[in-house]
Amino acid sequence: MGASMNLLEAFRDRLAGGLDPPTASPEMEGLPIGTSLAAVLVPVLTASAEPRLVFTRRTDTLSRHAGEISFPGGLADPDEDLPSTALREAEEELGLLPTDVELVGALPPIHTRVTGILIAPYVGLLHADPRFTPNAAEIADVLEFPVAKLEAGGTEREFEHDGRTFRTFVYDMGGEVIWGATAWILRSFLEVVAAPDGGRDG
């Protein structure tokens with residue numbers, strides 16, 4: 001038990017050392033006029049010795065990103081700070097209480113040029129495995145993957161979707177394919193995890 005706790009503490013410290021503060025918001029300077037702000041939560045389950053990431057599979061009936069694997073999140077409400085957006089959306093989509101999440105920091109934002117949305121990812125630790133209650137109108141399934149398997153399962157390659165071909169990271173987890181903005185966020189997270197000092201200089 002003690003060894004497992006030490007490993008998890010080291011994992012948490014490595015994350016915190018490589019992330020921006022959990023209150024961080026992205027800079028809008030230089031982005032196209034009309035860019036919308038969104039936030040996602042990158043939920044990390046730490047109740048066992050092997051940390052796992054939580055993803056959602058969106059329902060096939062949604063107007064945007066139907067059927068895709070993503071992190072819980074969505075567009076910010078007016079005058080809402082982005083960490084609050086990430087927590088609110090995670091509660092709406094998964095029934096995850098904000099009080100059950102320890103926000104440890106922010107990853108670099110991702111700008112989706114096709115949709116004109118700037119996505120701010122926030123990493124949150126869940127120290128007890130929650131009982132997810134997915135919103136059936138939005139979420140078809142909740143997926144969990146060990147961080148170690150995600151580290152081994154990604155490649156950067158050409159990917160085709162809806163008749164368009166583009167270069168992205170792709171993580172094939174036994175037929176569950178993570179790609180696009182979610183894969184770029186995941187890649188950024190895994191780079192922090194892999195860095196001995198959390199990826200920060202000094």
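Each reported figure results from applying straightforward, stated rules to the coordinates on display, with no laboratory input. These numbers were taken from a predicted model, which means no experiment stands behind them. Reconstructed Cβ throughout: ideal geometry from the backbone, glycine too, with neighbour counts over all protein chains shown.
Can you pull the one-decimal nm distance between simple spin-label points at residue 167 and residue 10, each 7 Å off the Cα toward Cβ?
With each label placed 7 Å out from Cα toward Cβ, I get 3.5 nm.
What does the extension gain come out to for residue 177 and residue 50, with contour length at 0.36 nm per residue minus their alpha carbon separation?
43.6 nm
log₁₀ I(q)/I(0) of the range 46-141 at q = 0.12, 0.15 Å⁻¹, via Debye over equal Cα point scatterers, no solvent, to two decimals?
The Cα Debye sum returns log10 ratios of -0.40, -0.63.
Please report the orientation-averaged projected area of the chain, defined via the convex hull of its C-alpha atoms, in nm².
12.3
Please list 3J(HN,Hα) in residue order for the range 184-190, calculated via the Karplus relation 6.51 cos²θ - 1.76 cosθ + 1.60 where θ = phi - 60°; whole Hz, with x for glycine and proline.
Using θ = phi - 60°, the values come out as 5, 5, 4, 4, 4, 4, 5 Hz.
Taking GluC sites (Glu not before Pro) as exposed when DSSP calls them loop (any state but H, G, I, E, B) and at most 16 other Cβ atoms lie within 10 Å, what is the longest stretch of the chain free of them, the sites themselves excluded?
81-202
Out of 183, 120, 87, whose Cα points farthest toward the positive end of the dipole of the range 65-201 (charges: +1 Lys, Arg; -1 Asp, Glu; placed on Cβ)?
My answer, from the dipole projection, is 183.
Could you tell me the relative contact order of the range 14-105? Use alpha-carbon pairs under 8 Å, at least six residues apart, and round to a whole percent.
RCO, the range 14-105: 33 percent.
Compute the Cα gyration tensor for the range 77-126, then decide on rounded, prolate or oblate, letting a ≥ b ≥ c be the square roots of its eigenvalues: rounded whenever a/c is under 1.5, prolate when a/b is larger than b/c in the other cases, and oblate in all that remain.
Note, shape of the range 77-126 comes out prolate.
Which of 143, 96, 19 ends up with the largest GNM mean-square fluctuation for the chain, with Cα atoms connected below 10 Å?
Highest fluctuation among the options: 143.
Given +1 on the Cβ of Lys and Arg, -1 on the Cβ of Asp and Glu, and no further charges, what dipole in debye does the chain carry about its Cα centre, rounded to the nearest 20?
So the dipole magnitude of the chain works out to roughly 380 debye.
May I ask you to evaluate 6.51 cos²θ - 1.76 cosθ + 1.60, the Karplus curve with θ = phi - 60°, for each residue of the range 117-124 and list the ³J(HN,Hα) values in order in whole Hz, giving x for glycine and proline?
Listing the rounded values in order: 10, 9, 9, 9, x, 10, 8, x Hz.
Between residue 92 and residue 133, what is the label-point separation in nm under the 7 Å Cα-to-beta-carbon projection?
Calculated label separation equals 1.7 nm.
For the range 84-141 and the range 166-192, write down the distance between their C-alpha centroids in whole Å.
Between the Cα centres of the range 84-141 and the range 166-192 lies a distance of 17 Å.
Once phi is turned into ³J(HN,Hα) by the Karplus curve 6.51 cos²θ - 1.76 cosθ + 1.60 with θ = phi - 60°, what whole-Hz value does each residue of the range 130-138 show in order, with x for glycine and proline?
Coupling constants for the range 130-138: x, 9, 5, 10, x, 6, 5, 6, 10 Hz.
Compute a Gaussian network model of the chain, connecting alpha carbons closer than 10 Å, and tell me which residue from 31, 103, 186 fluctuates the most.
Evaluated over the chain, the most mobile residue of the options is 31.
Under 8 Å for C-alpha pairs, at least 6 residues apart: give me the relative contact order for the chain, rounded to a whole percent.
Dividing the mean separation by the residue count of the chain yields 26 percent.
Specify the longest stretch of the chain that does not include any exposed loop site, a site being one of the trypsin sites (Lys or Arg not before Pro) with a non-H, G, I, E, B DSSP assignment and at most 13 other Cβ atoms within 10 Å.
Segment 132-199 is the longest.
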